[in-house]
Every structure is written in C-alpha cells, then in structure tokens.
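Written below as structure tokens is the structure these notes are about.
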C-alpha cells in the first residue's frame, strides 16, 4: 500500500512541477498554499537485487492577514514516514506571526530546537537529515541514532515561541498531554552571517524530557523508558562560493533507562559543490548507542554517502547515490519533483 501511495504522490508532484502557481491561491487577505516533494527510485543493497525507494511530503498552509505585518494561519502536513507508522498527521498546528517579533505555533509539530537545527550537505534523495531511507532498506545490526539534529517527536501538544529570522534567531518550546512522557522543554539558537564571501551559520539546541514511557525516540532504535532524557545538539555550515561544508553532533542521555539502550552519540560531517545544473556531495555519519551504560552493550555504526544530482528544471531533478553502512554497500538512484 505504501508503494502505491508513494507512486501516486510522485505523479501529483509531477503535475505540480509543471505549473507551480496553480498551488497557491490568494484572495484579499487570505492565502492558501500547497508545497512538497516526491521522490521515486530504486536502491540496491550489496549492489544486488533492486528494491523500490519512495519518499514524499505534502504541506498545506492557510493564512489570513490580521493587520500590518501580522497573520494567523493553520498548517497541515503529511509525509511517507508518518504513513509508514500508520498515522495521518505529521504536522497540525496554528500559527500567529508578527514579522517584527516572531511567531507562535500551537498544536502537533516538532520542537523549535529541531526546526532551528542545521543538517549535513546532501544533494541526493535519501533523506540523510531525517531518518535516512537507506536504514529503512538496510536493517542495521544494532540500534542506530539516525538523526544528528535534536528530536522530541511531534505527537504531543506543543507550543513553540520563536523570534523572527535574522542574524540571531532563538526560540523555546514546551510539550505535554501525551502518553509518551510527562512534559518536554526545548530551546534552540541559530546565528547567521549572510554577507561576505564566506557565509556561515551555527546552531545550538537542548531539551529535557521528563519520564519517557515506551517513547518511540527513533525508528531504528528501541523505545525508551527512563526517569528523564536530556539532549544537546550543535551544528555549523560554512559556504564559500559554490562550496558548502557542514558538521553536526547530537548527544542523548537517558537517566536510569529500562531495557536496551537507545541513547548515545550521533555526529556527522559533509561537503557539497554546485556547478551550474550539477551538484555533488559526500557525507559521513557516526552513531554510537549505549555508551553511557555499563550494563548494556554499545553499538557503533559508520555510514558514508556520495551523491550526484542533475537539475533538469526548477522543480525536477535526477539523483544518484552510492554509500556504505558498517556492513552493507549500496547504490540508489531516482527522480525528485518539488512543488
């Protein structure tokens, strides 16, 4: 069923890519917009039998002007990850935005620390910065922390407060009313230098989750039950002309966990280069779980991915990736359609 959904979304994205303006409607102070992407291709673990590889995301936003530089709106989003988990809400939240001060979000969405985080350079279609697709097709031999950016889920009612974009952007969030934990508090900070030959960005994030109870922290690691969970992340991106270098790291600590460990360290680095319609990137990700607890065996995973992309148009591109996890080499290729 998920393969059929992925194929359908890709067809919808193909239609959208031919006429982007058709997906935004404005009348007076009201605006309705649909954005997203669809990726369809193949992956070959061990360069052997090919398997279908599909990914997609659709985001809708309705907004209404509430005066000068102010607006209110509603966001709903759905993606392949959510459908894989038999859910049909990835994001569902209200927004109040004041361009002078920032915005407030309330509903089901990820923490502000995650939204302000910086990922690794990646021109392929394997979703390296958000639960990578190669782990979905190549089961690791132990628990893996797939994301290097902070994550406290998006299934609890949450309030995010964030300042407007600028040289320095910061935010706070609080979440609760869920069976997964009692509450979660998050903070994020992003600093940018957008002028000059060398452009730079840096991010910091931290969170505290109280009493996680069988919480699904990561699809490639065991659920966690503990007294509390603390996280910290840091990231940096540097751009010089067409070169981009990035590095990120995430630290997770569970206090008195029960069952197999799902905390530890995830870190990565990568570089990309753009030339006209061509882009290449190489990224490396390291995950080590169970490093804080002597009563559990730790598992280390190393993954390197090299990708190439050719941009046919503003909305259509083709990509190829080759990589190696700790145990398995792989090749993947596909088309990506943005709208």
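Each value in this text was obtained by applying a stated rule to the coordinates, not by laboratory testing. Here the structure is a predicted model, which means the values were calculated and not measured. We place every Cβ from the backbone using ideal geometry, glycine too, and count neighbours over all the protein chains shown.
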What ranking do 314, 327 get, fewest neighbouring Cβ atoms within 10 angstrom at the top? 314, 327
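Based on the Cα atoms of region 67-226, what semi-axes does the equivalent ellipsoid have, where each is the square root of 5 times one gyration tensor eigenvalue, given in whole Å with the largest first?
Working: eigenvalues 144, 90, 48 Å².
After diagonalising the Cα gyration tensor, the semi-axes are 27, 21, 16 Å.
Could you list 163, 321, 195 so that the one with the fewest beta carbons within 10 Å of its beta carbon is first and the one with the most is last?
Working: 163 14, 321 27, 195 8.
Ascending Cβ contact count within 10 Å gives the list 195, 163, 321.
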Fully extended contour minus Cα-Cα distance, from residue 174 to residue 141, at 0.36 nm per residue: 8.4 nm
Over the chain, what relative contact order in percent results from Cα pairs under 8 Å that are six or more residues apart? 16 percent
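In whole percent, what relative contact order does region 69-191 give with Cα contacts below 8 Å and a gap of six or more residues?
On the way: 242 pairs, mean separation 29.9, N = 123.
Relative CO of region 69-191 lands at 24 percent.
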Per 10 Å bin, what percent of the C-alpha pairs of region 242-302 does each bin hold, from zero upward? 21, 35, 21, 15, 7, 1
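Between residue 201 and residue 280, what's the calculated FRET efficiency when r is the beta-carbon distance and R0 is 25 Å? Round to 0.05.
On the way: r = 21 Å, r/R0 = 0.84.
Taking R0 as 25 Å, the efficiency between residue 201 and residue 280 is 0.75.
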If each Cα of the chain is one equal point scatterer, what is log10 of I(q)/I(0) from the Debye formula at q = 0.12, 0.13, 0.15, 0.16 Å⁻¹? -0.94, -1.13, -1.53, -1.71
In nm, to one decimal, how far is the residue 213 label point from the residue 240 one, both placed 7 Å along Cα→Cβ? 5.3 nm
Under a crude label model (7 Å from the Cα following the beta-carbon direction), how far is residue 27 from residue 92 in nanometres? 2.5 nm
On a C-alpha basis, how far is the centre of region 225-274 from the centre of region 46-109 in Å? Whole number, if you could? 23 Å
On each of the three principal axes of the Cα atoms of region 159-274, give max minus min coordinate, whole Å, ordered largest first. 50, 29, 19
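Can you quote the Å³ per residue value for the convex hull of the Cα atoms in region 49-126, rounded to an integer? Please list the in-between numbers first.
On the way: hull volume 10.6 nm³, N = 78.
For region 49-126, the hull spanned by Cα atoms encloses 136 Å³ per residue.
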Would you mind telling me which residue in 127, 68, 100 has the biggest mean-square fluctuation in a Gaussian network model of the chain, where springs connect alpha carbons within a distance under 10 angstrom? 68
Nearest 500 deg cm²/dmol is fine: what mean residue ellipticity at 222 nm does the chain get from its DSSP H runs of n ≥ 4 alone, each adding -39,500 (n - 2.57), divided by its residue count? -2500 deg cm²/dmol
I need the Kirkwood Rh of region 113-200: take the reciprocal of the average 1/r across all distinct C-alpha pairs and report it in angstrom. 15.5 Å
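Among 137, 70, 115, 277, which comes first, then next, by fewest other beta-carbon atoms within 10 Å?
Final ranking by Cβ density, sparse to dense: 277, 70, 137, 115.
Can you list, largest first and rounded to whole Å, the semi-axes you get for region 163-229 by taking the square root of 5 times each eigenvalue of its Cα gyration tensor?
Values: eigenvalues 216, 40, 13 Å².
Semi-axis lengths for region 163-229 are 33, 14, 8 Å.
Return the FRET efficiency for the residue pair residue 310, residue 72: r is the Cβ-Cβ distance, R0 is 30 Å, and the value is rounded to the nearest 0.05.
Details: r = 41 Å, r/R0 = 1.36.
Approximately 0.15, to the nearest 0.05.
Could you tell me whether region 282-339 comes out rounded, prolate or oblate from its Cα gyration tensor? Rule is a ≥ b ≥ c as square roots of the eigenvalues, rounded for a/c under 1.5, then prolate if a/b exceeds b/c, otherwise oblate.
On the way: a/c = 4.32, a/b = 2.77, b/c = 1.56.
Prolate, since a/c reaches 1.5 and a/b exceeds b/c.
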Return the FRET efficiency for the residue pair residue 49, residue 327: r is the Cβ-Cβ distance, R0 is 22 Å, and the value is rounded to the nearest 0.05. 0.85
